[in-house]
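Q: So that we are looking at the same thing, I have put the structure below in structure tokens.
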Amino acid sequence: MTMTFQDFWYVVALSEQLIRKTVLARSVLDEWLVVFRDERGKPVALQDRCIHRNSRLSAGQVTRGKVQCPYHGWQYDGKGKVAYVPAEGPVKGHCPKVSRRAVSYPTKEQDGYVYVQITSENSRSPVSISPFSMPYYQAPGWETVRVINRFQNTVTNCAENFIDIPHTVSVHPGIFRSAKQQQLNMTVSRVEGSVTATYRQETNNLGWFSWFLNPQGYEISHTDRFYMPNVTSVEYNMGPTRRCFITSQSVPETKDSTLVYTDVTFNYGLWNKLASPFVRWTAQRIIHQDVAALKLQQETITKYGEQFAHTPVDAIHVFVESIRGAIANGKDPRNLPDKTVDVTFWI
Ligand code: FES
Ligand SMILES: [Fe+2]
């Protein structure tokens, strides 16, 4: 079966960003979108292009669930159909002279996110993959902090960064980990279009915020995961009760711009509410450091092309690249052979 990046669902907004009368301009897989809610509150995504004389609908307004072009005032309904043309006079009944419509895309709302799929109705593929389910989102006892950041780099290099341990020492000095030349064992496997890396013998290398994440100093079990085509999830288990997931959805805007929606979800009991501002501040600080690191990488790749020299610890990236590479070639990565490697490294 063939597969393309268009077969997947991509986040275009937080549900709470898309309130009534809001018009959002977005770019996903190089397609310009106008996003708003129809009269019933369902999210709508249309190509951000007025079919009349090609102004941008996202510069217009929404009235009663219809978006109005800023140029000559044509109005489009939730299906992309032209519902009103001011120059044609008052509308009598529902009898448009010709069927006129903008390109429209399917939307979904799940876990407080609005998703879009960049497939037109007639080219819809038989592959049906639901949006990724965000772990423990709004589950009792759990709290989620959600942040959005733009990276000047590809989805592949962003995803690779979010599950890359060796960079943490140099990119996030003192915040996240400190260099101790500690030995770590990792098992990485590629199964069914996802990659899982598990780490053992990891205790207190969480830097200055281990007092909060792991005050009892339990052995940490830590798992990094990648799910095709664009989700990474980092899971920390600290003792019997404390768990934390950092889940990122990397949305391809253009070839080298990626909008990343990150959820930090944790169950610290009574600490949950108190911890939120601190978790947000720390997450944002760490991510800004990654944004800067990935900008440097992309600048160099733009100049010299992408040629990597790998070590065994980069196995995780090689697997991620094999999955994204398969989709780029129209193939279903779930057909790639299962593979597992054990790696020892030092941080
Ligand atoms: S260009 Fe949009 S109404 Fe004319
Ligand atoms: Fe990082």
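The values are calculated or read from the model by the stated rules, or taken from the named source; none is laboratory data. These numbers come from a predicted model, not from an experiment. Note that each Cβ is placed from the backbone with ideal geometry, even for glycine, and that neighbours are counted across all protein chains shown. The accessibility values were calculated without ligands, DNA or RNA, using every heavy atom of the protein model including side chains. Shrake-Rupley method; radii C 1.70, N 1.55, O 1.52, S 1.80 Å.
Q: Restrict the check to region 280-295 and report whether at least one residue is in contact with a Cys (Cβ under 9 Å, 6 or more places away or on another chain) and of a type in the set (A, V, I, L, M).
A: yes
Q: Please go through region 283-309 and give me each residue that is in a helix (DSSP H, G or I) and of a type in the set (A, V, I, L, M, F, W, C), ordered by number.
A: Residues satisfying the conditions are A283, I286, I287, V291, A292, A293, L294, L296, I301.
Q: Report the residue count in region 16-33 for those that are in contact with a Leu (Cβ under 8 Å, 6 or more places away or on another chain) and either closer than 16 Å to P70 by Cα or of a type in the set (F, W, Y) (or both).
A: Of the residues in that region, 4 qualify.
Q: Considering (1) within 18 Å of I148 (Cα to Cα); (2) surrounded by 14 or more Cβ atoms within 10 Å (Cβ to Cβ), say which one Q47 fails and leave the rest.
A: The single condition Q47 does not satisfy is (1).
Q: A further question on this structure: Any chance you could count how many residues in region 287-316 are within 16 Å of ligand 2 (Cβ to nearest atom) and at pLDDT below 95?
A: Of the residues in that region, 3 qualify.
Q: Residues that are at pLDDT 95 or above, closer than 22 Å to T282 by Cβ and more than 16 Å from ligand 2 (Cβ to nearest atom): which strands (runs of 3 or more DSSP E) entirely in region 143-226 hold 3 or more of them?
A: 143-151
Q: Looking at region 263-285, can you tell me whether even one residue there is within 17 Å of E160 (Cβ to Cβ) and either open to solvent by 10 Å² or more (accessible area, probe 1.4 Å) or within 16 Å of ligand 1 (Cβ to nearest atom) (or both)?
A: First, the residues of region 263-285 that are within 17 Å of E160 (Cβ to Cβ): none.
No, region 263-285 contains no residue that is within 17 Å of E160 (Cβ to Cβ) and either open to solvent by 10 Å² or more (accessible area, probe 1.4 Å) or within 16 Å of ligand 1 (Cβ to nearest atom) (or both).
Q: Could you list, in sequence order, the residues of region 126-147 that are within 16 Å of V251 (Cα to Cα) and of a type outside the set (V, I, T)?
A: Result: S130, P131, F132, S133, M134, R146.
Q: Moving to a separate point now. Would you kindly identify the strands (runs of 3 or more DSSP E) lying entirely within region 74-128 that contain at least 3 residues that are modelled with pLDDT of 95 or more and surrounded by fewer than 17 Cβ atoms within 10 Å (Cβ to Cβ)?
A: By residue number, 107-110.
Q: Can you tell me which residue within region 310-347, out of those that are among the basic types (K, R) and part of a helix (DSSP H, G or I), is surrounded by the most Cβ atoms within 10 Å (Cβ to Cβ)?
A: Top of the filtered list is R324.
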